[in-house]
Amino acid sequence: MIEHVVCFKLKKGESVEKAKEVLLSMKGKVPMLKGIKVGVDELGSARSYDILLSVILEDFKALEDYQVDSYHVSVVKAHMHSVVESSVSVDFKI
């Protein structure tokens, strides 16, 4: 199993709740997802990111498929790219 984690820093004035809603909308629409969690930062420190996405996938092939999934690309990536200032990610075996 693979865990794919992305931390997003939103542009000033963008809604973290809308971003959370969009990220969670993948549940049931992106078939290769085995699990999904979204967390919103509570501290707001200078080094904090605003929101975190964690998805569980079967293997690295599923991660490749996830990256080009039509719903993920057309809805989620489209929205997130329009509201994100920066992001970091990590992918690891679990």
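The values are calculated or read from the model by the stated rules, or taken from the named source; none is laboratory data. Model, not experiment: these values are computed from the prediction. All Cβ positions, even for glycine, are placed from backbone atoms using ideal geometry, and neighbour counts span all protein chains on display. We work out accessible area using only protein heavy atoms, side chains counted, and drop any ligands, DNA or RNA first. Shrake-Rupley method; radii C 1.70, N 1.55, O 1.52, S 1.80 Å.
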For the chain: accessible area per residue (Å², 1.4 Å): 61 Å²
Across 12/93; 29/61; 12/37; 11/34, pairs whose alpha-carbon gap is larger than 28 Å: 12/93; 11/34
Positive minus negative residues near residue 73 (Lys, Arg vs Asp, Glu; Cβ under 15 Å): -1
Spacing of the two label points (7 Å from each Cα toward its C-beta) at residue 90 and residue 63, in nm: 1.3 nm
For the stretch 1-70: relative contact order, % (alpha-carbon pairs under 8 angstrom, 6 or more apart): 45 percent
Column: log10 I(q)/I(0), Debye, Cα scatterers of the stretch 11-60, q = 0.20 Å⁻¹: -0.74
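Restricting to DSSP H runs of at least four residues, report the calculated mean residue ellipticity at 222 nm for the chain, -39500 (n - 2.57) per run over all residues, nearest 500 deg cm²/dmol.
Using -39500 (n - 2.57) per qualifying helix, the result is -7000 deg cm²/dmol.
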Carbon/sulfur fraction of accessible area - the stretch 32-94, other protein chains in place, 1.4 Å, %: 54 percent
Charge dipole magnitude, Cβ of K and R +1, D and E -1 - the chain, Cα centre, debye nearest 20: 140 debye
